[in-house]
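The values are calculated or read from the model by the stated rules, or taken from the named source; none is laboratory data. Note that the structure is predicted; figures quoted are calculated from it, not measured. Cβ placement follows ideal geometry from the backbone for every residue including glycine, while neighbour counts extend to all protein chains displayed. Surface accessibility is based on the protein's heavy atoms, side chains included, excluding ligands, DNA and RNA. Shrake-Rupley method; radii C 1.70, N 1.55, O 1.52, S 1.80 Å.
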Amino acid sequence: MTRPDTIIKNYIENLILTSEPLSPLWNVESSVYGKASKWNYIDNCMITALLMLYDLSGDERLLGYSVKFTDTYVNKDGNIPTINYADYNLDNLNGGRNLINLWKLAGAEHYRLGFEKLWNEQVLRQPRLSCGSFWHKAVYPDQIWLDGTYMALPFMAEYGKLHDLRGVIDDAERQLCDIKRISRDPKTGLYYHGYDDTKTMIWADKITGLSPEFWLRSNGWLCAALADTFEILADQRIGRQLAEMLGDITKYCRDDGMLYQLPLRPELEGNYPETSGTLLVAYAALKAARLGVCGDDIRQIGLKAFNTITEKFINTESEIPVLGNICLVGGLGGENERDGSPGYYLSEKITENDAKGIAPYIMAFTEIKKM
């Protein structure tokens, strides 16, 4: 058994399957900040990864746990009591794809009711900017964050394909094109974390409305969103955008494949190789290569990053492997008036074994197995 196989096995046996759905061991953010148990994107990222691994391995325990976990939060009528649809929080849509997948795999009606309710109660009512792109959340009006592309647009694409809704598919594709038009820096090819259409936020440039920095994980979310949406729709425009983005961002990889928390500032004191964002890029690179979007050069970069994290950033001395160098959170504005500066991103807590790192590790692992 290879080292990655052993790591995955030990994560499954000793961290994931042993976790109670109301207090999962991988949700470090909830434990650090004392958040009440609720439907959230972090847990749903882990379930996404488990279902990918189930698809690969056929291990019924993975499907069984995914059902058990999801049923803790989704009622028999498809309602999710721990979210308020009117928050219009794109993060809450991340689990919609899991509901579609579980409905197909397990056939339970409440999963179908659940994703239809997410669609009707939130997606159809989600506020939009003048260009047509979604607000990130009701509390962040007139703002686009890169994170939201992964949380919402693959779900839109999946839903549109399921119901043969050409307008919905076009909408998801257009929003991905808009994020490039609005947020991509033509000099570096990287994308700014946020955009404020009003240009009034503390972090927003008064002329462009863009936040001041390129944050790795937000770019990683976009890479993963493009890769997953391309896999669903096979739209060549998305494929070209994905290939271009991967070609650009991988220029900033270290020799070992790692990317920094702030990819353009390796010399900055306190900057560090960040694992969750690097793994999202690696996952997208591996998937893009498998789907024929990119060549073997991009695949090798993704593989190198995965191998480096496996060898240097995961401690296997105990029964539960420990993945380090995970940025716990990152955002803009809000109660803490996060200004999007380099100092802000480097001040956020660095943690271990959060699902924002473990899930993309499992996702990248599944892509390697599919090659």
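A search for C-beta distances below 7 Å between a residue of region 294-313 that is within 13 Å of residue 324 (Cα to Cα) and any residue that is open to solvent by 20 Å² or more (accessible area, probe 1.4 Å) and of a type in the set (S, T, N, Q), counting only pairs 6+ apart in sequence or on different chains, returns 313/325.
When the criteria are applied in full, residue 18 meets the requirement of being more than 30 Å from residue 129 (Cα to Cα) and part of a loop (DSSP other than H, G, I, E, B). Looking across region 1-30, not a single residue is of a type in the set (Val, Ile, Thr), open to solvent by 70 Å² or more (accessible area, probe 1.4 Å) and within 17 Å of residue 328 (Cα to Cα). Taken over region 205-264, residues that are in a loop (DSSP other than H, G, I, E, B), open to solvent by 30 Å² or more (accessible area, probe 1.4 Å) and under 30 Å from residue 163 (Cα atoms) amount to 1.
Out of curiosity, is residue 154 touching a residue at least 24 places away in the same chain (Cβ under 8 Å) and crowded, with 19+ Cβ neighbours inside 10 Å? Yes, satisfied. Out of the residues in region 160-180 that are among the acidic types (Asp, Glu) and surrounded by fewer than 16 Cβ atoms within 10 Å (Cβ to Cβ), which is farthest from the chain's Cα centre (by Cα)? In this case the residue turns out to be 164. Would you mention how many residues in region 312-362 are touching a Leu at 6+ places or on another chain (Cβ under 8 Å), among the small types (Gly, Ala, Ser) and over 15 Å from residue 259 (Cβ atoms)? So the count comes out to 1. Close Cβ contacts (under 9 Å, 6 or more residues apart or on different chains) running from residues in region 91-109 that are closer than 16 Å to residue 126 by Cβ to residues that are open to solvent by less than 10 Å² (accessible area, probe 1.4 Å) and of a type in the set (D, E, K, R) comprise 95/43. Screening region 31-72 for residues that are in a helix (DSSP H, G or I) and modelled with pLDDT under 95 and picking the one that is most open to solvent (accessible area, probe 1.4 Å) gives 33.
Would you please list the contacts, defined by Cβ atoms under 8 Å and residues six or more apart or on different chains, that run from a residue in region 349-371 that is free of Cβ contacts under 8 Å to residues at least 40 places away in the same chain to a residue that is open to solvent by less than 50 Å² (accessible area, probe 1.4 Å)? Sorted first by the residue in region 349-371, then by its partner, the list stays empty. Screening region 129-144 for residues that are outside any loop (DSSP other than H, G, I, E, B) and under 23 Å from residue 99 (Cβ atoms) and picking the one that is most open to solvent (accessible area, probe 1.4 Å) gives 137.
All of 112, 97 fail the test of being closer than 29 Å to residue 334 by Cβ, outside any loop (DSSP other than H, G, I, E, B), among the basic types (Lys, Arg) and open to solvent by 30 Å² or more (accessible area, probe 1.4 Å), apart from 97. Looking across region 185-204, the residues that are crowded, with 17+ Cβ neighbours inside 10 Å, assigned to a loop (DSSP other than H, G, I, E, B) and either aromatic (Phe, Trp, Tyr) or under 24 Å from the mean Cα position of the chain (by Cα) (or both) come down to 189, 190, 192, 193, 197, 203, 204.
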